Amino acid sequence: MKPEMIYDIVGIGVGPFNLSLACLTENIDHLNTIYFDQKENFDWHSGIMPEWSTLQIPFIADLVSFADPKNRFSFLNYLKETNNLYQFFIRESFYMLRAEYNQYCQWAVNGLNNIHFKSCVKEITFNEQQQFYTLLIEQAGQGIKKYHAKHLVLGTGTTPIKPKFCQKNQPNVHSSAEYMHHKPTYANKKSITIVGGGQSGAEIYYDLLSEIDVHQYQLNWVTKSPHFFSMDLGKLTLEYTSPDYIEHFYSLEQTKRDQVIQSQGALYKGIEIGLVNRIYDLLYQKSRLAPLSTRLMPNCVLNEVNEGDNDLDLVFYNSDTEQKFKFKSETLILALGYDYKIPEFLQPIHHLVNWDNKKRMKINRDYSINDNKNIFVQNVGLYSHGFTVPDLNMGCYRNAIIINTILGKDIYQVEEKITYQEFQPKLEEIID
């Protein structure tokens, strides 16, 4: 009887981070890897992709280049193979379109033979005696199949945040992730309210504002932040998206890390400054022709959503005036960001995972979450590794560490000391 294959790495979830891992491990000799995702195919945030929207990071932060610039899955190679290199060059922008990034990732998926969609992980168990994991995976048209793995890399992604009072089925309450799906219906709405002052909320507001005079809807944009703030992308600030700062942040006590991350909203939650300016310019342009039916409201927290006859009753709290107020809106779009949920398939091995005192995964410096260092996570751990965790810019860095840890040697160079700033004093300078 032929022995069952035991994979070196099984990746669960195929978003940009695990796709990056698949690309970076493709040419490593004697490394058997396989990846599963329950989706129909690769589709990255296409629900919120107005055709003009771009990534907020330069194209060099692709799937592979920060770890291996010569890798065949680089964005530049994608442009060359699809006959778009000269057009991208002439465009003179470091920032690729979001839809273009999605197409690039789909191209990378098509270049690999170990990625399987329509594959839902139902359960994971651990064989203590033989030291491997067994995964039961339901695959379309094949029923449930069994796979074995020495290492797991969880890249199950995040889900849109929805307040508890919006959990019930409300057909006129939409997530920003569904924006493009619902957009054709917005032309017929009398009023639309967007809640959330980050990049997604700003892109949706700008997109709807561009057609406000055509469709004549009331358009409201509300955020709990003190103002609609732009992301700080100064060059010294960008040094915080570096291996050096991750090292510093991880070295802090957990209570201090929790405090620090709360103060860093402008580093990762704001709006790209060019978009802020375009919004203002569009407001100015549209308001020259006629008064605009739009409201921009900072310092306002959404507290309740109640169903009316034909509208939603939205209840807010203004933190400046400390007053509750309400108004009606036919449609509500929630652009409140994304949150990580512990996958149910981890339940049988829950006891093998390390947890902190807030019942969060306790993540090691090398992105593993257990003592044996054979379960790794992607896009988890703002509280442990800092605000760069969801940043596409740092995906290659994290994957280089994961690959080096799994193989026990440095396959990929991991940069150190690349910043001009020092994030903590030298040991000999500290006074007791």
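The values are calculated or read from the model by the stated rules, or taken from the named source; none is laboratory data. As the structure is a prediction and not an experimental result, all values here were calculated from the model. We place every Cβ from the backbone using ideal geometry, glycine too, and count neighbours over all the protein chains shown. Surface areas here come from the heavy atoms of the whole protein model, side chains and all, with no ligands, DNA or RNA. Shrake-Rupley method; radii C 1.70, N 1.55, O 1.52, S 1.80 Å.
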Computed label-point distance, nm, for sites Phe165 and Gln131 using a 7 Å Cα→Cβ extension: 5.4
Loop GluC sites (Glu not before Pro), region 294-343, which have at most 12 other Cβ atoms in a 10 Å radius of their Cβ (DSSP): Glu322
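Sorting check: for 25-34, 417-426, which peptide has the highest mean count of neighbouring beta carbons within 10 Å, and how do the rest follow? If you can, show how the numbers build up before the last one.
Working: 25-34: 14.9, 417-426: 11.0.
Output ranking for 25-34, 417-426: 25-34, 417-426.
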Label point at Asp313 placed 7 Å out along Cα→Cβ; residues across region 331-373 whose backbone nitrogen lies under 18 Å: 331-332
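Using the reciprocal of the averaged 1/r over all distinct C-alpha pairs, how large is the Kirkwood radius of the chain in Å? Intermediate values should be presented prior to the final figure.
Working: mean 1/r = 0.0421 Å⁻¹.
It is 23.8 Å.
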Region 248-299: radius of gyration and largest Cα-Cα distance (Dmax), Å: 18.5, 56
Region 244-392: radius of gyration over Cα atoms, expressed as a fraction of 2.2 N^0.38 Å: 1.45
Residue-level accessible surface for Cys23, protein heavy atoms, 1.4 Å, Å²: 0
Nearest 10 degrees, 0 to 90: helix 273-287 Cα axis against the chain principal axis: 20
Distance (nanometres) between label positions extended 7 Å along Cα→Cβ at Leu76 and His181: 3.8
Accessible solvent surface per residue of the chain, calculated while the other protein chains remain in place, 1.4 angstrom probe, Å²: 53
Of Gln87, Gln264, Gln170, the one that fluctuates the most in a GNM where the chain has Cα springs shorter than 10 Å: Gln87
Cleavage-rule hits, chymotrypsin sites (Phe, Trp or Tyr not before Pro), region 12-58, DSSP coil, Cβ neighbours within 10 Å at most 16: Trp52
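At a 1.4 Å probe, what is the % contribution of carbon and sulfur to the accessible area of the chain?
50
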Loop-located chymotrypsin sites (Phe, Trp or Tyr not before Pro) in region 85-191 whose Cβ has at most 14 other Cβ within 10 Å (DSSP): Phe94
Helix-only [θ]222 nm of the chain, DSSP H runs n ≥ 4, -39500 (n - 2.57) each, per residue, nearest 500: -7500 deg cm²/dmol
Whichever aspartates and glutamates have a C-alpha closer than 14 Å to that of Lys189, once near sequence neighbours (fewer than 8 apart) are set aside: Glu211, Asp213, Asp311, Glu330
Residues Ser93 and Leu282, FRET efficiency given R0 of 22 Å [Cβ-Cβ distance, rounded to 0.05]: 0.65
Cβ-defined net charge surrounding Glu272, 13 Å radius [Lys, Arg +1; Asp, Glu -1]: +1
Whole-number D in µm²/s for region 180-300 (Stokes-Einstein; Kirkwood sum over Cα pairs; 37 °C, 0.692 mPa s): 200
Crossing angle, helix 98-110 versus the chain [Cα axis fit, 0-90 degrees, rounded to tens]: 20
